[in-house]
Each structure stands twice: as structure tokens, then as C-alpha cells.
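Please see the structure below; I have some questions.
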Amino acid sequence: MFIKKNAELSQASVAFHPSMKDVLGQEGGTSLDVHLGLWKRSTSVFYHNHVNEGVVEFSYDLLHDLTIPEDIDFEWMSEKDGFHLGPVLGILRGTSLENIRPNVLSIMRRWVVDYKNLKGLVIVFPRNGVQSEGESVTGYGFVGLEKGFCMGTFPFPSAVFSRPSAGGERTYRLLDDLTSGRFFNRRGAGKWGFYCALRQDPATEKLVPHTEKYSTDERLMALIDQYTIVYWKRKFGAKGYGMIQMKKEADRYIVTRVLKGEQKQDVFSSEGQLKAYLSDIPDRKRGLIQQGVPYAADGKQVDFRAYVQKDPDSSWKMRGFVGRIARTGSVITNLRYTEKVMKGTDALQQFYGIGKKERARLERKVEAACLLAAARLDEDVGHFGDIALDFIISDKGDLYFLEVNANYGHASLVRIGDESLKHSVYRSPLAYAKSLTGFSGKA
């Protein structure tokens, strides 16, 4: 249903084609609450033959301070609490409008790739645009595949998908209240939060390598003796920057530190030398120590990333997964240090040398583990709808999750060239957001 402004209508009134009278069950001149996202007004309803079917006209005073593109086709629902137009969906991005630059909006277009089925209004807006009144927000509204995004002040969305960033917890709580819980991916779990969540459930506790907060250098040395390889990591994602792999070989320690643009390796012949090296890293006690469970093919590390999202019925689904092989000598598989990315099924066959039957069994194991981990995050950390899970499969076929990403990039999807998977991953967050608003696509 299209929205038009009509300056000739009396104040606080809406007009429909007479065919809507039986649908609404109200006589002309009676009161009707109209909802558009979280924006709501009490109006007088009228029916006029000059109003086209599939159009609702608003008196000018109702919408004079809102940007409502007239070529947007909204779905509608007639409910006990009034007449609803929508969906009005939000993508939270950045701290201010200045952060939402043209290149950002270009990236945001991937989430409206299925706009013909999504319909309604999609708004990209920043954290500082969220006000306690929650009736409108300034941002960029998507006005169609040809026109893209335009800046304006729009009705506040009734469901919001977040691209989480550091800080903003107060705003996140406000958004959760305003949308009555229809705000998802409000935060990342972090490596420690993810580990703790999975460790609390017997069904998932064996799916994570041993991890603990850095306490003392002596405890670190004990863990190196126990596991041979351990990693020092920051608690929250940093694209691998700062990560340290410590590996014990006979009577020496091989230490590889990931810095911006390079990986620096040092070799120490004693615990004392290693401790002296670590003493020059002042933030080490704010990090985590994780058991190393590396798997290598031809001396190159291999790991995987699974894309796990909610369907409109709120059930978790694994859309697919990719395999990543690092460059020679790299201790991580972040794209900067990745030699090759391929479809997960191909990676299993190429790097593990297994047949079709065993590969299918392992794929089912991956999917089951990912669904368990996603459900655990929802129960213990918060409301999620779109995550990427990084994991390793050992030479024995055991799966270990390394971390969860709620604000992941899509470069791997582009590199493997799987258009079906890419389209599914792009469209799912807003399809789920739409389902939270109650719009089904059947209106």
C-alpha cells in the first residue's frame, strides 16, 4: 500500500478507497490508530472514491515532519490496536551521521538485495540518532534499487539489526526497550563471553579449546608445557592483530607475534628469556590464553568459518561454510594472511583426504555443532540473528570453536564465488527482522 499526502484532508485524518471499509470494519469519521514503525497517531478515517485502491492518504499535518517516499509499497495489517503499515526496519551503523559515508551506504545495499520481497522501508541510522521518544530518526532510507538511499527523517523502525561496535551500551539498552526486544546483534560476545557461554552447557562444553584469562607468567608456562602450543589473544576481535602463538619444541620456545602488516618470529632457549620478552608487552594481563589446536595441510594452517542465521520462523540455520588456508609461515588465517579460500565441502575433501561418505558425516557434525553454539549464545549472551563461527577441525575429526563474529565481513563469500550462499547470507538479517514486526508478506 502506497502512502500519499493530501493537503485537502482535514487535520489528523486518513482516507482509503471505499473497498477498505469492510476490511477495517469502521464507519467514516470514526477514530483509527495508525502505526508506521514505532510512529503512531490517532486519526479520523474516511473513505473516498478518488483514492486509488492500494493507497492510503494522510492529511498533511500528520506527515509534514517525516520523509515518506511515495513510491514505497508498504504491507499492511488491520489489528485490534489499529492499522499497521510496514515493515519499517533499521540497520544501526556507526556513532553519528558523519560515519555513514557513501562507501558505507554502498556496503549497506547488500542487505536489501531482496528488496522486492522485503518491501516497506529500510533505514540506516547511527547510535546518536536514537532518542528516548523513539518516534522518528534521522538517517538514510532505502527508496528502491534504482535510487538507493536518501537522507531524511523517518518513522522509527520497529525492528533493528545492529552492526555492533565498541561502546554504546546505554543506546543498545534503549533500543531494546523501544523495540520491545526486536533489536538483535546488539553486541558481540567476545572470545571470553563466547567461551564461557559454551562451557556452561554439557552439549557444547567440549566444542571449545581450554581458555582462561591471563593471570601470571608461571601459569602461562604451565599451559605451554601442557598443550605444547598456546595463543595469547585479545578478548575482543582485532583481526588477529596482537595475537601471539607460543610453541614449545624440545628445549626451545618459538614465539610468533602478529603485528599490523607482518608476523614477527623469535626463538628463545629458556623460560627466562620468554618471560623477559613477555614483560615488554604491558597489556598481556588483559588478554586470554587459549589452548592451540592447529591443523595444517602441507605445513599451512587450515580453519573454517560458518555462516549461521535465523530464518523468519526464528530457527537457526547454517547457510554454509568456507575453508581457509593460511600462507606459509602464518599462524592465523585472517584474509590478510590467507593464501586461499574455498567452499567448506571442497576444503574437507582436499585437506583431510576423506571420501564422500565421511565428508557428508563431517558436514552434518559441523552443522549440528554450529546450531548448538548459536542457540547457546541466544540463551546466555543476548538476542542474535546473524553470526559467523570460526572453528578448527583436528586430525581426529574433532571440532573446536575459536570465536564468534557478529560484525563479520563478506570478502570470503565474494572470493569463493558461491552466488547462492552470498545471496542467502545477505538477505537473511532483514528477512528475520521483518518477521519480528509481524509482517509476513501475505498482505
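Once you sort the root eigenvalues of the Cα gyration tensor of segment 253-320 as a ≥ b ≥ c, which label holds: rounded (a/c under 1.5), prolate (a/b larger than b/c) or oblate (the other case)?
prolate
OK, next. Can you tell which of GLY344, LEU377, SER279 lies farthest toward the positive end of the dipole of segment 277-425, using +1 and -1 charges on the Cβ of basic and acidic side chains (Lys, Arg; Asp, Glu)?
GLY344
For segment 376-443, just say rounded, prolate or oblate: build the C-alpha gyration tensor, square-root its eigenvalues into a ≥ b ≥ c, call rounded for a/c under 1.5, and beyond that prolate if a/b exceeds b/c, oblate if not.
Cα axes put segment 376-443 in the oblate bin.
Is the shape of segment 214-258 best called rounded, prolate or oblate, per the rule: a/c under 1.5 gives rounded, else a/b larger than b/c gives prolate, else oblate, with a ≥ b ≥ c the square roots of the Cα gyration tensor eigenvalues?
Because a/c hits 1.5 or more and a/b fails to exceed b/c, segment 214-258 counts as oblate.
Quote the FRET efficiency, to the nearest 0.05, computed for GLU419 versus GLU218 with a Förster distance R0 of 45 Å and r equal to the Cβ-Cβ distance.
That gives a FRET efficiency of 0.30.
Let me ask you something else. Let me check the size of the chain from its C-alpha atoms; what are the radius of gyration and Dmax in Å?
26.1, 90
Past the 20 Å Cα-Cα mark, which pairs from LYS233/LYS275; LYS247/LYS300; LYS206/LYS365; LYS206/LYS285; LYS357/LYS422; LYS233/LYS317?
LYS206/LYS285; LYS357/LYS422; LYS233/LYS317
By how many degrees, 0 to 90 and rounded to 10, does the Cα axis of helix 169-178 deviate from the longest principal axis of the chain?
With both axes taken from Cα atoms, the answer is about 40 degrees.
Take the solvent-accessible surface of the protein heavy atoms, probe 1.4 Å, and return the percent of it on the chain that carbon and sulfur atoms account for.
Reported share for carbon and sulfur atoms: 46 percent.
Let me ask something else. Segment 327-406: percent of C-alpha pairs farther apart than 21 Å?
38
Can I ask one more? Working only with C-alpha atoms, what are the Rg and Dmax values of segment 144-293, expressed in angstrom?
Just the Cα atoms of segment 144-293 yield Rg and Dmax of 21.1, 66 Å.
Calculate, for the chain, the solvent-accessible area per residue in square angstrom, rolling a 1.4 angstrom probe over the heavy atoms of the protein chains.
Counting only protein heavy atoms, the per-residue value for the chain is 45 Å².
Place a +1 charge on the Cβ of each Lys and Arg in segment 1-131 and a -1 charge on the Cβ of each Asp and Glu, then give the dipole magnitude about the Cα centre in debye, rounded to the nearest 20.
The calculation lands at about 660 debye.
Hey, what angle do you get for helix 419-437 against the long axis of the chain, alpha-carbon based, 0 to 90 degrees rounded to 10?
Helix 419-437 sits at roughly 50 degrees to that axis.
Around PRO126, with a cut-off of 9 angstrom between Cβ atoms, what is the net charge of the other residues, counting Lys and Arg +1 and Asp and Glu -1?
Net of charged neighbours comes to +1.
Please work out the ratio of the alpha-carbon Rg of segment 1-71 to 2.2 N^0.38 Å and round it to two decimals.
Dividing the Cα Rg of segment 1-71 by 2.2 N^0.38 Å gives 1.01.
Another one. For segment 182-269, what number results from the quotient of the Cα radius of gyration and 2.2 N^0.38 Å?
1.29
Another question, then. Give me the compactness ratio for segment 72-223, meaning the Cα radius of gyration over 2.2 N^0.38 Å.
With N residues counted in segment 72-223, Rg over 2.2 N^0.38 Å equals 1.35.
Can you list the residues, at least 5 places off or on another chain, whose amide H is less than 5 Å from the amide H of LEU402, using H built in the peptide plane?
ASP390, PHE391, ILE392
Just to be sure I understand: if I project the alpha-carbon convex hull of segment 31-104 onto a plane and average over all orientations, what area do I get in nm²?
6.8
Of the options VAL14, GLY120, VAL56, report the single residue whose Cα projects farthest towards the positive end of the charge dipole of segment 1-140 (beta-carbon charges: Lys, Arg +1; Asp, Glu -1).
The Cα lying farthest towards the positive end belongs to GLY120.
Here's another thing I want to ask about it. Once you charge only the Cβ atoms, +1 for Lys and Arg and -1 for Asp and Glu, what is the size of the charge dipole of segment 53-211 about its Cα centre, to the nearest 20 debye?
1220
When Lys and Arg each count +1 and Asp and Glu each count -1, what net charge do the other residues less than 14 Å away from LYS343, Cβ to Cβ, add up to?
My count for the surroundings of LYS343 gives +3.
Taking the chain as the reference, fit the longest principal axis to its C-alpha atoms, fit the long axis of helix 190-199 to the helix C-alpha atoms, and give the angle between the two in degrees, 0 to 90, nearest 10.
Once rounded, one gets 80 degrees.
The values are calculated or read from the model by the stated rules, or taken from the named source; none is laboratory data. Keep in mind that this is a model prediction, so the values were computed, not measured. Virtual Cβ from ideal backbone geometry, glycine too; neighbours counted across all protein chains shown. The accessibility values were calculated without ligands, DNA or RNA, using every heavy atom of the protein model including side chains. Shrake-Rupley method; radii C 1.70, N 1.55, O 1.52, S 1.80 Å.
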